[in-house]
Amino acid sequence: MMDDAPAPVGLPPPGRKNRLPRLAWHLAICLSLLFLPVYTLPWVWVPHTRQDLVIGGIGILTISALFLRGVWEAMTTRSFTPCLYGCAVLLAAFVISPFHGRWEIFIVYACALAGLARPVMLAAVTIISFLLLIIGFVWVTHEFWPNWLPTTIMGLCVGTWCICTAMLQDKNRSLLAAQDEVRLLSRTAERERIARDIHDLLGRTLTLVALKADLAARLASHDDARATEEVRNIAAIARQGLTELRAALTGMTNATLIHELGHARAALQAAGIKCTVSGSFESVPAPCDAVLAMALREAVTNIIRHSGATASTIRLLSGRHVITLSVLDNGTGTSPHRFGRGLSGMQARLQAAGGELVIESSRQGTCLLARMREEQA
């Protein structure tokens, strides 16, 4: 499952594919610090005092530290804290504005930090609040509009860009998380499919091998020829089961009703259970054919293992675009609500193909119905 720790907002996630975007982010942060000395440009032509130099230098260092810390918070957490650092940067800019420097440049840094905050609505509201504060501040201090208006517009653009970039990163992370979830679900579904196929294959094969082995043991004392023939049958069944197991593991199982019907008759006969078959098994569409074949396999295996039946009936009914495989026995019956692994796998396989499984059981026996619609094929 995915990690529940909060993901970074601004910085792309680690990985070889994201190495270039992460490098671009680090480069952008370093380049942004190069604009901090712009604050000192007016000192070239405007008279200034030592107090201006000291307070201006302290202000630049303080704002640099606040900006870097705010960017770090944006990279490592998904929270509102960058907004707080943006507010601190804007407040520091207001504080050092009387000391003959271009304090307006720090508006861009404050808006950038606000744009990296989460949630997005908070970031947008914070940037708008910054705009109102700046307008109020310059109105009170009578700042010349060409000094603050361009940097304010630039700050709005940078803040909006940061919001859009962070939103894009959020979408990318959600997409990556969804892809990981899809891969996990597909692997789980594949494991479940293999487990169902192996259960059905080995259940039928091993049951038939056990029956043939018991029969060969009984015949060995008085009929060597038939005992030898049964042993050969056991070897053939084992080889066939191995082939089917390999096919199941590679997802290439191509069971058909005709094929499974022959195995079902042989298995029931070996168990001493009379088998009656009716219906046209050759006309079933291929997708329905494969699913119903696996259902027949599991149903016959359950009859041999658990029912204690002496007779069974296998019917295939078609009508109104619905194909129904019916397997009845005269055994002791079972609870229709107690699904073991085999019946659960059969039900899951039928539901995945758009069909349904119905089990009717009583003391007179059990009737298993596997239904599928032809249009599902």
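The values are calculated or read from the model by the stated rules, or taken from the named source; none is laboratory data. Note that the coordinates shown come from a computational prediction; the quantities given were computed from them, not determined experimentally. Quick reminder, even Gly has a Cβ in these numbers, built from the backbone with ideal geometry, and neighbours come from all protein chains shown. Heavy atoms of the whole protein, side chains included, go into the accessibility calculation; ligands, DNA and RNA do not. Shrake-Rupley method; radii C 1.70, N 1.55, O 1.52, S 1.80 Å.
Observations on the model:
- Accessible area per residue was computed with a 1.4 Å probe on protein heavy atoms; Ser221 scores about 100 Å².
- Rounded accessible area per residue of segment 65-220, 1.4 Å, Å²: 50
- Amide H contacts of Phe80 (H built 1.01 Å from N, in plane; Pro and chain starts excluded): Arg118 sit under 5 Å, all sequence-distant by 5 or more or on other chains.
- To the nearest 10, the accessible area of Cys157 is 80 Å² with a 1.4 Å probe.
- Share of alpha-carbon pairs per 5 Å distance bin for segment 260-351, given as whole %: 3, 12, 26, 24, 20, 12, 3, 0
- For Arg191 and Thr243, a Förster radius of 22 Å and the Cβ-Cβ distance give a FRET efficiency of 0.55, rounded to the nearest 0.05.
- Accessible area, probe 1.4 Å, largest first, for residues His321, His259: His321, His259
- Under 5 Å from the amide H of Val322 lie the amide H atoms of Glu374, each residue being 5 or more positions distant or on a separate chain, with H modelled from the backbone and absent for Pro and chain starts.
- Note on Asp214/Ser280: beta-carbon distance plugged into 1/(1 + (r/R0)^6) with R0 of 30 Å gives a FRET efficiency of 0.30.
- Amide N of segment 259-293 lying under 19 Å from the label point, which is placed 7 angstrom from the Cα of Asp223 along Cα→Cβ: 266-275
- Formal net charge of residues neighbouring Glu230 (Cβ-Cβ distance under 12 Å; K, R +1; D, E -1): 0
- With DNA, RNA and ligands ignored, accessible area of Asp170 (1.4 Å probe; Å², nearest 10): 30
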